[in-house]
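Enquirer: Mind looking over this structure? Questions follow.
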Amino acid sequence: MHKDQKFFVFFGIAVVIIAVILVFLNFSKTDKEFVPRDKNSFTSQEDYLNYLEEYKNAQSKDTYGGKTPEETLQLFVNALKKGDTTLASKYFVLSKQVEIKKELEQGIKSGGVNKFIEFYSFDKKKVTKMGELDLYEIEYLNEKGEAPGFIFSIKFVQESNLWKIESL
């Protein structure tokens, strides 16, 4: 093999190795999961502003929610019926997902989740738009038209174009 041929073979192998490494790094790179923080945890204004940027970025990548408030609730209930508290919690706004997952796990143990699913099956509901905001309250009523205390606040998240549960 001539000197020039050896150089091109070596150069070609080096390019292939670098390309494989870059592809591997690109595929193995994962976005870190957004973790909500307590308002007292910020060390500076810059720290808080960085957190807000991370929050917006995480919202824009969020794929859990419905195109309507009712669809979001249906997805949430379907996850609860399966006993999947992780999935069910993802239909809440990002800042409440960790907290609500714990509450749902306790609700499954106590039977409260089953009680909710029972009330959810009633067809009657009261939907109230809250002012000019993209925020709705949905209250499910029992067969007597009484409210058992399950009121959902559901808001539209512009970054993801999805409806998310804000509170229950």
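Enquirer: Check whether at least one residue in region 113-124 is closer than 12 Å to residue 168 by Cβ and modelled with pLDDT of 85 or more, and report yes or no.
Expert: yes
Enquirer: Let me ask you something else. What number of residues within region 56-107 are touching a residue at least 60 places away in the same chain (Cβ under 8 Å) and either assigned to a loop (DSSP other than H, G, I, E, B) or of a type in the set (A, V, I, L, M, F, W, C) (or both)?
Expert: Qualifying residue count, region 56-107: 14.
Enquirer: Going by what's in this entry, would residue 120 be described as surrounded by fewer than 19 Cβ atoms within 10 Å (Cβ to Cβ) and among the hydroxyl-bearing types (Ser, Thr, Tyr)?
Expert: Yes: the conditions hold for residue 120.
Enquirer: Looking at region 4-58, which of the residues that are hydrophobic (A, V, I, L, M, F, W, C) and within 23 Å of residue 89 (Cα to Cα) is modelled with the lowest pLDDT?
Expert: Result: 34.
The values are calculated or read from the model by the stated rules, or taken from the named source; none is laboratory data. Note that the structure is predicted; figures quoted are calculated from it, not measured. With ideal geometry, Cβ positions are generated from the backbone for all residues, glycine too; neighbour counts draw on all protein chains shown.
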